[in-house]
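One structure is given below, encoded as structure tokens.
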Number of protein chains: 2
Amino acid sequence: MFGRIDHIGLAVADLESAIELHTQAYGMPLVHRETIAEQGVEAVLLDVGESHVELLRPLADDTPVGKFLATRGPGLHHVAYGVADVDAALEAARGAGLRLIDETPRAGIRGTRVAFLHPKTAGGVLTELVEAH
Amino acid sequence: MFGRIDHIGLAVADLESAIELHTQAYGMPLVHRETIAEQGVEAVLLDVGESHVELLRPLADDTPVGKFLATRGPGLHHVAYGVADVDAALEAARGAGLRLIDETPRAGIRGTRVAFLHPKTAGGVLTELVEAH
Ligand SMILES: [Co+2]
Ligand SMILES: [Co+2]
């Protein structure tokens, strides 16, 4: 069902430092930058193999990523798996008894369709399903 | 420098449930199982694209993963990037001013050579470098 790791999402307090770390020290090309107002983040994608690192800077303290930063500090926030068909994957997850955050897919970064599974039944991991276009 | 995401490492309290989630609901084949006494974990690898999910069950409460579980609960523990030459990658990380956990590479899971970067200078992310054989 899950074809690859599409990306890992990192919560960052200082976006420019995080970009410098990933581009300079880690050698990952920065390939996309987008402000996603409805999710309350400025997001940056870097390429690594068939996957990406997604840097997430909260636009305000009272956003999900802002609250995560306040309690846990910067670091690993979620993992996203690539799927061929996000509607089918979400239906399969529902059928497997997994708790969903998104009942139906919604727009994700860079024109993708995404849906999140709740950490509660996903091993404590905030898990995103991504259908790339 | 970093060629791909080699794996994400997940701290798990109940290894059999985590295996069931990843194999049954997520459709990832289980490809390796190993007890690494010196790291205090029982580890399982599952395939996903060019990457793996690494499940880590602590062998005791006073191990690093045991302590992580006690404070944070199950979930994302570390990310590992694949490198062609772990000695060279570690030297480059040192040269970039990054704080190292391992001054020299050591044996990792399934015959790999690995080294960990300290979260402090890695964006709050426990970061592993992996040279596959
Ligand atoms: Co994401
Ligand atoms: Co690992």
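Residue and whole-Å distance for the chain A Cβ lying nearest the axis of the A-onto-B rotation are A:Leu76, 2. For chain B, a Kirkwood radius taken over Cα pairs fed into Stokes-Einstein (37 °C, viscosity 0.692 mPa s) yields D = 217 µm²/s. Relative to the other identical copies, A:Ala60 shows label-point distances of 5.0 nm, where the label point lies 7 Å from Cα along the Cβ direction and values run shortest first.
Would you tally the net charge around A:Val86, using a Cβ to Cβ cut-off of less than 15 Å, leaving A:Val86 out, and scoring K and R as +1, D and E as -1?
Charge balance in the 15 Å sphere: -3.
If every alpha-carbon in the protein assembly as shown counts as one equal scatterer, what log10 I(q)/I(0) does Debye give at q = 0.15 1/Å? Results for the protein assembly as shown at q = 0.15 Å⁻¹ read -1.14.
Inter-copy label distances at B:Ala88, shortest first and taken from points set 7 Å along Cα to Cβ: 4.1 nm. Beta bridges assigned by DSSP with both partners in chain B are antiparallel in approximately 75 percent of cases.
Shown in residue order for the stretch B:75-91 are the 3J(HN,Hα) couplings computed by the Karplus curve 6.51 cos²θ - 1.76 cosθ + 1.60 at θ = phi - 60°: x, 4, 10, 7, 10, 10, 9, x, 10, 6, 9, 6, 5, 5, 5, 5, 5 Hz (x for Gly and Pro).
Take A:Ala132, move 7 Å from Cα toward the beta carbon, and the resulting point lies 1.7 nm from the same point in each other copy, nearest first. Taking amide H as placed 1.01 Å from N in the peptide plane, the amide H of B:Asp6 sits under 5 Å from that of B:Ala80, B:Tyr81, B:Gly82, each at least 5 places away or on another chain.
For chain A, what does the helix formula give at 222 nm: sum of -39500 (n - 2.57) over DSSP H segments with n ≥ 4, over the residue count, nearest 500 deg cm²/dmol? For chain A, the value works out to -5000 deg cm²/dmol.
The distance separating the Cα centre of the stretch A:98-117 from that of the stretch B:29-72 comes to 28 Å.
FYI, it's all coordinate maths here, none of it is from the lab. Because the structure is a prediction, the values reported are computed rather than measured. Here Cβ is always computed from backbone atoms with ideal geometry, including for glycine, and neighbour counts include all displayed protein chains.
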